[in-house]
Amino acid sequence: MAARLRVAVLYGGQSGEHDVSVLSAQSVMAHLDTSRYEVAPIYITRDGRWPIPLEQLRAFDVVFPVLHGPMGEDGTVQGLLTLLGVPFVGAGVTGSAVGMDKAIFKDVMRAHGLPVPPSIVVRRHEWLHHPEAVQARALREIGLPCFVKPACLGSSIGVSKVKTQDAFSAAMDEAFRWDRKVLIERAVPKARELEVSVLGNDTLRASVVGEIIPSREFYDYAAKYLDSGERASRLLIPAPLPEAVADWVRTLALHAAEATEARGMARVDFLVDGERGEVFISEINTIPGFTPISMYPKLWEASGVPYAELLNTLIALALER
Ligand SMILES: Nc1ncnc2c1ncn2[C@@H]1O[C@H](COP(=O)(O)OP(=O)(O)O)[C@@H](O)[C@H]1O
Ligand SMILES: [Mg+2]
């Protein structure tokens, strides 16, 4: 038997998405072909302790960071691995950092003429010192209903839909529990939620389009991870869309990934105005969920790339770079 590649799977980590990372990593490790890979689980604790000295990461042929959110998906771990000279799966420092920061991501989209909902950015100190002015500006420039979200997180943690002026303040406080920077974004009416998986280094490929039917008013944490069985959110793969719309969404996904340097892998999420059909890019995830029911692997499965083969491709892309 040829020597197996030594693959380190990084998971857990310091972000609010620790638990999701554990589920994703369990699934990745269960699907990695053990005849090809010698897999080492590397669990990072919630307070950021690693089970091995960082320099020992050099002993691996490739590292697969399955970390969601800050301190893992945001370029920090990618910077460490770049310094150590170890090939790793997914986007590099720039793509990871831009993808993590929803405010900067949206600025990059706008600079490329790519469609995103109107939004404004508020810093914690502005909110603490001038709450009335912030609220007045949000109502004037964004209006209600709006979404309030921490700039750098995921899994809908800290995200609120604000429908009345009375609810604004609590939503801001909640978002600022998680980040010093908050995005206030116009709600896309009757939003349909679409997602596309992207794969590749120099030439990116887009999967079929998937749709999420959230079990709640919007795709919040409970709708993502807690509701199960009859109550669970549903995935429609492929999304029921006219072919021209699906093609447009896939094209936008590729542009979004290109514009943000999201190489290796990315999942690009969309919101479609349910009344007017307008398509908006919502966000990019450079380390998307990898649980057995996660959209990223499911979209590839539906596009003819089974889970284990997807992992082989991701590792090959890491080594190629
Ligand atoms: N502008 C918006 N219009 C409609 N729904 C939104 C909007 N922004 C966020 N949402 C809802 O909130 C969810 C989480 O927001 P998102 O920006 O995707 O953050 P996260 O990174 O936490 O997933 C979305 O999946 C969607 O259901
Ligand atoms: Mg999202």
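What follows draws every value from the coordinates through simple rules; no lab data is involved. Bear in mind that the values here come from a model prediction, so they are computed numbers and not experimental data. No Cβ is skipped: glycine too gets one built from the backbone with ideal geometry, and neighbour counts run over all protein chains shown.
Before moving on, here are some points about what is shown:
- Stretchable slack from ARG58 to ASN201, in nm (0.36 nm times residue separation minus alpha-carbon distance): 49.2 nm
- Given their separation in residues at 0.36 nm each and the Cα-Cα distance between them, TRP248 and ARG234 gain 2.7 nm when the chain is fully extended.
- Extreme residue, positive dipole direction of the chain, given options GLY200, PRO288, VAL305 (C-beta unit charges): PRO288
- For LYS224, a cut-off of 15 angstrom between C-alpha atoms picks up these aspartates and glutamates, skipping any fewer than 8 places away in its own chain: GLU17, ASP19, GLU193, GLU195, GLU211, ASP269.
- Projected label distance in nm at GLU278 and VAL22, using a 7 Å step from Cα toward the beta-carbon: 4.2
- Other-chain or far-sequence residues with amide H under 5 Å of VAL62's (modelled H): ARG6, ALA8
- Alpha-carbon centroid distance for the pair the stretch 213-253 / the stretch 1-64, whole angstrom: 29
- Cβ-based net charge around TYR225, under 14 Å, with every Lys or Arg adding one and every Asp or Glu removing one: -1
- Sites ALA136 and ARG36 - FRET efficiency at Förster radius 35 Å, r taken between beta-carbons, to 0.05: 0.05
- Around VAL188: net Lys/Arg minus Asp/Glu count, Cβ-Cβ under 9 Å: 0
- Think of the chain as a dipole: +1 on every Lys or Arg Cβ, -1 on every Asp or Glu Cβ, centred on the Cα centre; then among SER155, VAL22, VAL134, VAL134 lies furthest on the positive end.
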